[in-house]
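Just below is one structure, and these are the notes that go with it.
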Amino acid sequence: MTTSIQNLLDGLPPAASNLMALLSIPESLTDDVALRLYALAPLEKIDGGQFIQIFRQLSYIQPRNSEWSLTPLAREALLSIAQKSPPLVRRAHEIMLDLVKTAPPEAAGDVIPNYIYTLAGKAYHQAGAGKTDDALST
């Protein structure tokens, strides 16, 4: 059975699908985090802010206070695409870990998603960045 997200992805250029897939790696996003991930695989002729604004209008996006996330079905479909690019996936997880180290906790929920300050959030990104020993000891 084909879902509407799969129909959308089938009609997009691969670069756009891959970028959307990168945005599925975090459990939730803020515009700031989305822009950092956009920088990993920017599209020609479209500004990161424009892309994020358009992406957030999709019906697969659910607001969550000052954060936003993908619906479970959309995230699942996009994660399956993301897994085809291990170096980009690893880099996205590294960016999320860098945020934990560098962003002040007061930025949680506004600039940085709250979940990355939890043990589970940190372990998720450690494992995704290939730091499984650290993830298991978190």
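Observations
- Filter pass, Gln57 being over 12 Å from the mean Cα position of the chain (by Cα) and either among the acidic types (Asp, Glu) or outside any helix (DSSP H, G or I) (or both): yes
- Condition check for Glu106: of a type outside the set (A, V, I, L, M) and modelled with pLDDT of 95 or more: no
- Candidates Val100, Val33 - the one that is assigned to a helix (DSSP H, G or I) and surrounded by 19 or more Cβ atoms within 10 Å (Cβ to Cβ): Val33
- Among the residues making up region 103-129, a single one is assigned to a strand (DSSP E or B) and in contact (Cβ under 8 Å) with a residue 60 or more places away in the chain: Ile112.
- Of all residues in region 82-138, those being aromatic (Phe, Trp, Tyr) and either within 14 Å of Asp32 (Cα to Cα) or touching a strand residue (DSSP E or B) at 6+ places or on another chain (Cβ under 6 Å) (or both) number 1.
- Search result, residues across region 4-30 that are among the aliphatic types (A, V, I, L, M), touching a residue at least 12 places away in the same chain (Cβ under 8 Å) and either in contact with a Cys (Cβ under 6 Å, 6 or more places away or on another chain) or assigned to a loop (DSSP other than H, G, I, E, B) (or both): Leu23, Ile25
- Boolean, Ile81 is assigned to a loop (DSSP other than H, G, I, E, B) and either at pLDDT below 95 or surrounded by fewer than 18 Cβ atoms within 10 Å (Cβ to Cβ) (or both): no
- Any hit, region 60-73, residues being at pLDDT below 95, among the hydrophobic types (A, V, I, L, M, F, W, C) and in a helix (DSSP H, G or I): yes
- Taking region 80-98 as the range and being touching a residue at least 12 places away in the same chain (Cβ under 8 Å) and within 23 Å of Ile112 (Cα to Cα) as the test, the residues that pass are Ala82, Leu88, Val89, Arg90, Arg91, Ala92, His93, Glu94, Ile95, Met96, Leu97.
- Test: residue in region 69-79 that is touching a residue at least 24 places away in the same chain (Cβ under 8 Å), closer than 15 Å to Gly128 by Cα and touching a His at 6+ places or on another chain (Cβ under 9 Å): no
- Count - residues of region 65-78 that are farther than 16 Å from Ser4 by Cα and surrounded by fewer than 16 Cβ atoms within 10 Å (Cβ to Cβ): 2
- Enumeration of residues in region 36-54 that are in a helix (DSSP H, G or I) and over 27 Å from Ala123 (Cα atoms): Gly48, Gly49, Gln50, Phe51, Gln53, Ile54
The values are calculated or read from the model by the stated rules, or taken from the named source; none is laboratory data. Note that the structure is predicted; figures quoted are calculated from it, not measured. Here Cβ is always computed from backbone atoms with ideal geometry, including for glycine, and neighbour counts include all displayed protein chains.
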